Amino acid sequence: MEEKEVFWHLPGFCYYFSLNVAVLDLMKEYPEKFRSGYRVGSVYGTFPGAIWNGGRVVFGISGKQDIQAMLKQYNTRGVPVRFTWTNSLLEEKHLSDTYCNLIMRLADNGLNQALVNAPVLEEYLRRQYPRFPLISSTTKRIDRVEGLLEELGKDYRLVVLDYDLNHDQAALEAAAAQADRVEILVNEVCFPGCPKRAEHYEQQSRLQLEFDVSVPFPCPNQTKERNFEECRKRPAFISNEEIGSYIDRGFVNFKIAGRGMPLSFVLDSYLYFLVRDGERTFVQEKLQKRLERASADRKARTGR
């Protein structure tokens, strides 16, 4: 039987840039160290300060040359950059934002992608930037089988499954005919069935629009230790032992969560999901050396 290609979608294309590039290069240089058939399908996230961003707030700003350089680093490796344009509070007035449109123009090459949530922005992107494949975001909170099937009936490249459905056999069976268009989040850290999840997404959207860093959210998860080992205990987690059964049913797109998490969480997630058993120490040592080199180069350039 021909081996299926399995696509992994990695977080924080900007914030975890050095780690992501190092992983991409090691996968090419040492393919025998990584799980067979695994490919990086995209790197997702945002450039800091973009008001269309949702899911997690990211403040700051990137200059035009920095945007172009980062896009080039990923795209020349054949990897799409996927923008998290999932701010649920966007209105018509936000569509003309200079910064977000600059990002879209610079990335408009037919390879890069956008996650969407708000219909007003989705319609604008389809009209103004038709070469961008659109992905339906998990932030829509579609947690019923009927809603999932309805979403799969629309013109999206992929639909990201709500993590509450990760082990819902009825939902997986219903979506099996279009399994290659479903993306599954394997390591979500939030509580399953969290009643505040939609409210939290909305709060993050508001903070991004208002550039407000000072508003806490009463999340029941805040006091929990946020590391990969704790994440593995969550009901929504999909282990390496389980992933094979999803692939056998045609699900070949998997998303690794990590935006807003410590670098150690993201690194541990990559080592667990992408690297072969017995090879993690080798890959981890290579990654650490490259991260140290990237940090030294950055300090030499910036003086910081």
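Check each of the GluC sites (Glu not before Pro) in region 1-106 and keep only those in coil by DSSP with at most 12 other C-beta atoms within 10 angstrom; list them in order.
Details: sites: Glu2, Glu3, Glu5, Glu29, Glu32, Glu91, Glu92; in loops: Glu2, Glu3, Glu5, Glu91.
Taking region 1-106 and a limit of 12 other Cβ atoms within 10 Å, the loop GluC sites (Glu not before Pro) found are Glu2, Glu3, Glu5, Glu91.
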Can you tell me which of Gln204, Gln113, Gln73 moves the most in a GNM of the chain? Springs connect C-alpha atoms under 10 Å apart. Gln73
Name the lysines eligible as straight-distance cross-link partners of Lys28: C-alpha to C-alpha under 26 Å, and not fewer than 8 places from it in the same chain. Lys4, Lys72, Lys255, Lys286, Lys289
Near Pro218, within a Cβ-to-Cβ distance under 10 Å, what is the net charge of the other residues, with Lys and Arg +1 and Asp and Glu -1? 0
With the Cα gyration tensor of region 251-304 giving a ≥ b ≥ c as the square roots of its eigenvalues, does the rule (a/c under 1.5 for rounded; else a/b larger than b/c for prolate; else oblate) give rounded, prolate or oblate? oblate
When the chain is treated as a Gaussian network with springs between alpha carbons less than 10 Å apart, the largest mean-square fluctuation among Ala177, Ala236, Ala118 is found at Ala177
Assigning unit charges at the beta carbon (Lys, Arg +1; Asp, Glu -1) and nothing else, what dipole magnitude in debye, to the nearest 20, does the chain show about its Cα centre? 1180 debye
For region 6-302, with +1 on Lys and Arg beta carbons and -1 on Asp and Glu, the positive-most of Gly49, Ala179, Gly258 along the dipole: Gly49
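What is region 34-84 by shape, rounded, prolate or oblate, if you read a ≥ b ≥ c off the alpha carbon gyration tensor as root eigenvalues and call it rounded for a/c under 1.5, prolate for a/b larger than b/c, and oblate otherwise? Before the final figure, lay out the partial values.
Details: a/c = 3.34, a/b = 1.57, b/c = 2.12.
Because a/c hits 1.5 or more and a/b fails to exceed b/c, region 34-84 counts as oblate.
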With +1 on the Cβ of every Lys and Arg and -1 on the Cβ of every Asp and Glu, the dipole magnitude of region 191-303 about its Cα centre, in debye rounded to the nearest 20, is 340 debye
Quote the FRET efficiency, to the nearest 0.05, computed for Arg232 versus Ile61 with a Förster distance R0 of 22 Å and r equal to the Cβ-Cβ distance. 0.05
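What Kirkwood radius, in Å to one decimal, follows from the Cα pairs of region 12-159? Present the calculation step by step, with values, prior to reporting the outcome.
Details: mean 1/r = 0.0617 Å⁻¹.
Evaluated on region 12-159, it is 16.2 Å.
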Total charge dipole magnitude, region 148-205, about the Cα centre, Cβ charges on Lys, Arg, Asp, Glu only, Debye to nearest 20: 100 debye
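Take the Cα pairs of region 146-211, get the Kirkwood Rh, then feed it into Stokes-Einstein at 37 °C and 0.692 mPa s and tell me D in µm²/s. Before the final figure, lay out each step's value.
Values: Rh = 13.5 Å.
Translational D for this selection: 243 µm²/s.
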Mean residue ellipticity (222 nm) of the chain, computed from DSSP H runs ≥ 4 via -39,500 (n - 2.57), nearest 500: -12000 deg cm²/dmol
Once phi is turned into θ = phi - 60°, what whole-Hz ³J(HN,Hα) does the Karplus curve with 6.51, -1.76 and 1.60 give for every residue of region 76-93, x standing for Gly and Pro? 5, 8, x, 10, x, 8, 10, 7, 8, 7, 10, 5, 7, 9, 5, 10, 3, 5
For region 96-134, run through the trypsin sites (Lys or Arg not before Pro) and keep only the ones in DSSP coil with at most 15 other Cβ atoms within 10 Å of their Cβ. Arg131
Could you compute the FRET efficiency for Tyr129 and Ser295, with r as their C-beta to C-beta distance and R0 at 35 Å, rounded to 0.05? 0.50
Top mean-square fluctuation among Cys231, Cys219, Cys190, Gaussian network model of the chain, C-alpha springs under 10 Å? Cys219
Unit charges at the beta carbon, dipole of region 23-162: most positive-side option, Ala107, Leu95, Met27: Met27
Please compute the alpha carbon radius of gyration of region 73-180, then divide it by the globular-protein estimate 2.2 N^0.38 Å. Two decimals is fine. 1.15
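Determine the equivalent ellipsoid of the chain by diagonalising the alpha-carbon gyration tensor, then write out the semi-axes as square roots of 5 times the eigenvalues, largest first, rounded to whole Å. Intermediate values should be presented prior to the final figure.
Details: eigenvalues 138, 130, 81 Å².
Semi-axes, largest first: 26, 26, 20 Å.
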Taking every DSSP bridge whose two residues both lie in the chain, the antiparallel percent to the nearest 5 is 5 percent
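Computed from the coordinates by the stated procedures, all read-outs in this text should not be read as laboratory data. The shown structure was predicted, so the numbers you read here are calculated from the model rather than taken from an experiment. Heads up, the Cβs are rebuilt from the backbone with ideal geometry, glycines too, and the neighbour counts pull from every protein chain shown.
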